[in-house]
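Each remark here refers to the structure printed beneath this line.
The values are calculated or read from the model by the stated rules, or taken from the named source; none is laboratory data. Owing to the predicted nature of the structure, the values given are computational and were not obtained by experimental measurement. In this analysis, Cβ positions are derived from the backbone assuming ideal geometry, glycine residues included, and neighbour counts consider all displayed protein chains. Just the protein is used for accessible areas: all its heavy atoms, side chains included, with ligands, DNA and RNA removed. Shrake-Rupley method; radii C 1.70, N 1.55, O 1.52, S 1.80 Å.
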Protein chains: 2
Amino acid sequence: METRGQRSDAYHKLREAIVSGQYHPNERLVEASIAQRMGAGRTAVRAALVRLDQEGLVEIEPNRGARVRLISDREALEIEEVRAALEGMLARRAATRVTAEDLSALRQVITKMRERVEAGDSIGYSELNATFHQRIWTAADHPTASHLLGSLKSQGIRFQYQTALRPGRAQRSLREHEAIFGALKAHDEDSAETAMREHLAEVLDTLRWAIESQHRAARWLPG
Amino acid sequence: METRGQRSDAYHKLREAIVSGQYHPNERLVEASIAQRMGAGRTAVRAALVRLDQEGLVEIEPNRGARVRLISDREALEIEEVRAALEGMLARRAATRVTAEDLSALRQVITKMRERVEAGDSIGYSELNATFHQRIWTAADHPTASHLLGSLKSQGIRFQYQTALRPGRAQRSLREHEAIFGALKAHDEDSAETAMREHLAEVLDTLRWAIESQHRAARWLPG
DNA sequence: ATCGTCAATAATGTCGACAATCCGATCGGT
DNA sequence: ACCGATCGGATTGTCGACATTATTGACGAT
């Protein structure tokens, strides 16, 4: 029965396409073409767009259609700030809840991170970074916050690798992660939260630097 | 020339109706009847429901329709935790950004709060409470966080007045607000954040108490 | 050449109809 | 009386058609 998996995942497909960069910021999202491209009806696509709009990934202007929402520099910084506040809280919670498996998984991630740093592989490092943080989310066992963080993350995706460009950042970042790990291992709530906050404060600074240096570059090569 | 203001505000209307308690948790939301009741087409109502689902106010089960989402006790506590983390950050930001008008507005609110406490008017106090916090949001000038807080608040609406039931709570709450105000007035970031965090930690405790005492009551009067 | 007007086109917004699905009730067998 | 199958009403899901609205480009007046 029904070989084709035509479900209501127009939403998931479209979301994935946007997050993975197949559609660029400000690019128009025409219902008909999307519908055709992913073999769904216009109705389903419309519903997906409404959801994505509510989620902040897409912007719908009445009678003018939908486009991929462009996250401004300022907004990216705000997102990072929110992330810091939320993850600080999660780190605190995680400190009293991490299981042995969590800790061993985290330790493994850190080991791989160290490899990546020594290999000078920034993007590999960034990905491990993401899994490290997400493991803490699950350890914290806090669906509400995790959900929000996931949503914010996909909005900030455009800035994901920007922070890795700063020279020497990876080494420092690695040390910060080790500090977080240590606090979690010791089940020390306060240290865990502060370590996480300090880490994300650094990230925030680095992001500010990246954005600033981007502006500087744009001024040299106008157009 | 359309005298009737039939716009796409099916969403706003429905949202307001849910938040204001016209529809109870778990109540079914039948597209046809809602459409009729608010003079919109089924299409618009459908779109509104999708948005509300994404927003967390409504739950759509495929082929089974939409109902007002019931926020569990656990979730209410999680929401309050997130709120604490976010508002702590906002208080810190506000400390360096409050204007003279902000401060005078806050002072006024506190004055009215004191009146309400002395009059024993818990619900009047709760409303002032909301305006106090929201004024801080605007002072913090942080759209991303404010937006999230607004959304969370409407989800937790069911528990809004629960915390006011605890004896003596209002007096303590008032003192906490005064502390926050003092820190903001002094433009002291650290104090502002800690004051806000301590305040919301108290609120969280009170909420735990309220939920617990509710359970206790339910055990005595089964059914 | 510049500006405004207007038509042609493309895309969105909305409606009605119908198919698919679910829920409850009725009915028959044991 | 109990249980499972079956039918009917109610509701959701989807499609196609059409009206509405923006956008583009051509045209003509100044």
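Here are a few things to note about the model shown:
- Filter result (over 22 Å from B:His147 (Cβ atoms) and either open to solvent by 20 Å² or more (accessible area, probe 1.4 Å) or away from DNA strand C (no atom under 13 Å from the Cβ) (or both)) within region B:35-59: B:Gln36, B:Arg37, B:Met38, B:Gly39, B:Ala40, B:Gly41, B:Arg42, B:Thr43, B:Ala44, B:Arg46
- Any hit, region B:54-66, residues being touching a residue at least 12 places away in the same chain (Cβ under 8 Å) and assigned to a helix (DSSP H, G or I): yes
- If the condition is being touching a Gly at 6+ places or on another chain (Cβ under 7 Å) and of a type in the set (Gly, Ala, Ser), then region A:53-106 contributes A:Ala76, A:Ala85.
- Looking across region B:61-102, the residues that are open to solvent by 60 Å² or more (accessible area, probe 1.4 Å) and hydrophobic (A, V, I, L, M, F, W, C) come down to B:Leu70, B:Ala100.
- Failed item, numbered, when B:Ala85 is tested on (1) in contact (Cβ under 8 Å) with a residue 12 or more places away in the chain; (2) within 12 Å of chain A (Cβ to nearest Cβ): (1)
- Considered as a group, the residues in region B:121-145 that are open to solvent by 30 Å² or more (accessible area, probe 1.4 Å) and without any contact (Cβ under 8 Å) to a residue 12 or more places away in the chain include one that is nearest to B:Ile180 (Cα to Cα), and that residue is B:Gln134.
- Against the criterion of being surrounded by fewer than 21 Cβ atoms within 10 Å (Cβ to Cβ), in contact with a helix residue (DSSP H, G or I) (Cβ under 7 Å, 6 or more places away or on another chain) and away from chain A (no Cβ under 14 Å), B:Ala105 qualifies.
- For the criterion of being closer than 23 Å to A:Leu49 by Cβ, at pLDDT 95 or above and within 14 Å of DNA strand C (Cβ to nearest atom), B:Ala32 fails.
Yes or no, residue by residue, for (1) of a type in the set (S, T, N, Q); (2) away from DNA strand D (no atom under 13 Å from the Cβ):
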{"position": "B:Asp9", "(1), (2)": "no, yes"}
{"position": "B:Arg37", "(1), (2)": "no, no"}
{"position": "B:Asn63", "(1), (2)": "yes, no"}
{"position": "B:Arg83", "(1), (2)": "no, yes"}
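- Single unsatisfied condition, A:Ser20 versus (1) surrounded by 15 or more Cβ atoms within 10 Å (Cβ to Cβ); (2) within 21 Å of the chain's Cα centre (by Cα): (1)
- Odd one out for B:Gln54 among (1) farther than 25 Å from A:Ala84 by Cβ; (2) within 16 Å of DNA strand D (Cβ to nearest atom); (3) not aliphatic (A, V, I, L, M): (1)
- Hey, B:Leu49 among the aliphatic types (A, V, I, L, M) and closer than 18 Å to A:Val45 by Cβ or not: yes
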